[in-house]
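See structure below.
Each reported figure results from applying straightforward, stated rules to the coordinates on display, with no laboratory input. Every value quoted in this text rests on a predicted model; they were computed, and no experiment measured them. Cβ sites come from the backbone with ideal geometry, for glycine too, and all protein chains shown count toward neighbours.
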Amino acid sequence: MTTAALTMLPNAPDPHAGVLEISDYQGNLRLDCEVLVVGSGPGGAIVAKELAEAGRDVVLLEEGPPLGKADFVQEAGESMQRTLREGGTRAARGNPITPTMQAIALGGGSLINSAICARPPAWIFDKWQRRTGIEGITREVLDPHFDRVEACLGVAPTPVEVQGERNHRFKLGCEALGMSCEPTWRNVQNCRGSAECFTGCRNGAKKSTDVTYVAAAIRAGARVYTSVRVERVLASGRRVTGIRGRIVEPFTWTPRGKVRVDAKLVVLAAGCVGTPLILLKSGIANSSGWVGRDLRFHPGLAVMAMFPEPIEPWKGATQGYHSVDYLKEGLKFEVLWSPPSVLATRLPGCGHAYQEHLLRYDHMAPFDVICAADDSSGSVRLRRGSHHPDLRWDFAQTDFEIMQKGLGILSDICWAAGAEAILPGLNGIPEVLRSQDEAELIRTRPLEPKDTITASNHAFCTTRMAKDPADGVVDEHGRCHDVDNLFIADTGIFAASSGVNPMLLCMALADRIALGIADRW
Ligand SMILES: Cc1cc2nc3c(=O)[nH]c(=O)nc-3n(C[C@H](O)[C@H](O)[C@H](O)COP(=O)(O)OP(=O)(O)OC[C@H]3O[C@@H](n4cnc5c(N)ncnc54)[C@H](O)[C@@H]3O)c2cc1C
Ligand code: SF4
């Protein structure tokens, strides 16, 4: 491992310099390369940079376009149409319908996420070992990779100056209950606490992979083609030979010219939904039957705290504080923020009552709980006649009981933070709870998953890592058990939940996979 990479990747004057866009293509694209990487999110961008810097001839293909500061719009509906698959309406069917968002843009999820970088504790990997026999992935093994990624991205705790009152209230609440809590560590530089992470950082503060790792990959000689959808991996026996795909128009996603790339080695990092779709369409790497089979989420639920005084919740880092005090029980608590129109869909009532809630917008703060949900799973399947997936996921009752406990703790945090009322958003419970006693209903009322507005943007395990080729799709080095020169480097390879937010773990694994390829191939 080189130490040269342990410096923060610079912010280039034009961070997308050298990125090829649809306007650069004429007709069809025909390319060849040594290493082909599919997807420019947290997983793929790292692999492209590290292998380009190791002297490999790298091509990176990304379906979405590059989007910079000037392209981001604050209006949520328009932003989601531009940056998210299915315009942000994607959902898994099951006992709750679970909305889940996947980005379509250079930088993948890192462009529109809250930039939280969290290292999972060591015991998470014991769980991985128990599930799929993976022994080589431990916190000790991954720590040097966490170090490298954090250094490249300038990961640091959210400073108090950009916390704002919303994050501060969460801290007060946790401390009053004797719960540990801490500022989130994030990959940002000069954050102004504008709470706009979800629609893209117009301040250029977020160190998403498009402006960091992809830019560094290009400096090292990688060729980066955006607006290219990979449809199939081409294989002959135990070897892949390249891919076939289409050029797609940004935002309408209309297919244009054809794409064919020949490659000696392929790394799929199209995300935990995108990668199984490519594999299923291609009919490869699935002798185990595990491709797309073990979709896991961190289901999340929010409670809205209403404060007697205005707290101007739109000020402050999007998710500046969190508590991992109950992580061993499968629960993580966070502050949340999203654009007003998204929050408005979460407010109860109609007519005048609804308007009353909207008018108190400056008094509210959403806090959320996410759950490891180790007993719950689902699947990614091909949807006939569509390039979108058929997603299924069921919330197991055992996990839901843990979640209900988490909701009770979340409610306690709200009251301890000084809330005068909370909006629990749970079917069968009054829309507004005005005292902590009344809020005990959250703990005592028998609830089912379908009584909640569960959502999840943390998804993994659809091409899971396993020791035995019969139990999973890749080995601990990200290599497909069935195919000698095909690797996967996105969250799909997790063997179980990451417990904490998954991006940093995905990046550490991708870093390890890339260095492994550079060493052995
Ligand atoms: C709103 C939101 C907030 C989040 N906040 C956080 C957070 O604060 N911290 C955290 O740790 N995690 C967060 N996450 C989750 C995190 O962003 C993801 O876990 C992470 O981005 C996954 O990285 P990945 O490389 O596996 O996939 P992705 O980020 O999904 O990247 C996959 C890339 O592949 C491209 N692609 C897909 N299919 C194809 C194809 N067929 N051809 C070519 N390209 C393709 C996609 O367009 C995308 O750019 C958040 C997610 C969302 C949606
Ligand atoms: S809080 Fe605002 S300034 Fe900070 S990273 Fe997010 S969008 Fe950028």
Quiz item: When you look at R56, is it surrounded by fewer than 21 Cβ atoms within 10 Å (Cβ to Cβ) and in contact (Cβ under 8 Å) with a residue 40 or more places away in the chain, yes or no?
Solution: no
Practice problem: Quick one: which residue in G499, G472 is of a type outside the set (A, V, I, L, M), in contact with a Pro (Cβ under 8 Å, 6 or more places away or on another chain) and in a loop (DSSP other than H, G, I, E, B)? | Solution: G499
Exercise. Would you check if there is a residue in the stretch 220-228 being among the aliphatic types (A, V, I, L, M), assigned to a strand (DSSP E or B), buried (at least 20 other Cβ atoms within 10 Å of the Cβ) and out of contact with any Cys (no Cβ under 9 Å at 6 or more places or on another chain)?
Key: yes
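Could you please let me know if R186 is surrounded by 22 or more Cβ atoms within 10 Å (Cβ to Cβ), of a type outside the set (D, E) and either within 13 Å of ligand 1 (Cβ to nearest atom) or under 24 Å from A216 (Cα atoms) (or both)?
Details: surrounded by 22 or more Cβ atoms within 10 Å (Cβ to Cβ): yes; of a type outside the set (D, E): yes; either within 13 Å of ligand 1 (Cβ to nearest atom) or under 24 Å from A216 (Cα atoms) (or both): yes.
Against the criterion (surrounded by 22 or more Cβ atoms within 10 Å (Cβ to Cβ), of a type outside the set (D, E) and either within 13 Å of ligand 1 (Cβ to nearest atom) or under 24 Å from A216 (Cα atoms) (or both)), R186 qualifies.
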Practice problem: Check every one of the helices (runs of 4 or more DSSP H) wholly within the stretch 57-159 and list those with 3 or more residues that are more than 30 Å from H387 (Cα to Cα). | Solution: 123-132, 139-153
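Would you mind stating whether A396 is of a type in the set (A, V, I, L, M) and under 29 Å from the mean Cα position of the chain (by Cα)? Before the answer, list the steps.
On the way: of a type in the set (A, V, I, L, M): yes; under 29 Å from the mean Cα position of the chain (by Cα): yes.
Here the answer is yes, as A396 does meet what is asked.
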Quiz item: Quick check: anything in the stretch 309-328 without any contact (Cβ under 8 Å) to a residue 40 or more places away in the chain, out of contact with any helix residue (DSSP H, G or I) (no Cβ under 8 Å at 6 or more places or on another chain) and part of a loop (DSSP other than H, G, I, E, B)?
Solution: no
Quiz item: Which numbered condition trips up G154, out of (1) within 29 Å of P310 (Cα to Cα); (2) out of contact with any helix residue (DSSP H, G or I) (no Cβ under 8 Å at 6 or more places or on another chain); (3) in contact (Cβ under 8 Å) with a residue 24 or more places away in the chain?
Solution: (1)
Practice problem: Search the stretch 254-299 for residues being assigned to a loop (DSSP other than H, G, I, E, B) and out of contact with any Asp or Glu (no Cβ under 8 Å at 6 or more places or on another chain), and hand back the single one that is nearest to ligand 2 (Cβ to nearest atom). | Solution: H298
Quiz item: Only one of these conditions is not met by R246: (1) surrounded by 18 or more Cβ atoms within 10 Å (Cβ to Cβ); (2) touching a residue at least 40 places away in the same chain (Cβ under 8 Å); (3) touching an Asp or Glu at 6+ places or on another chain (Cβ under 7 Å); (4) of a type outside the set (A, V, I, L, M, F, W, C). Which number is it?
Solution: (2)
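For residues that are of a type in the set (S, T, N, Q) and over 25 Å from P310 (Cα atoms), scanning just the stretch 165-220, find the one that is nearest to ligand 2 (Cβ to nearest atom).
Step one: list which residues in the stretch 165-220 are of a type in the set (S, T, N, Q), which gives 167, 180, 184, 187, 189-190, 194, 199, 203, 208-209, 212.
Keeping just the survivors that are over 25 Å from P310 (Cα atoms) gives 180, 187, 189-190, 203, 208-209, 212.
On the way: S180: 23, N187: 9, Q189: 9, N190: 8, N203: 4, S208: 9, T209: 14, T212: 13 Å.
Ranking the qualifying residues of the stretch 165-220, first place goes to N203.
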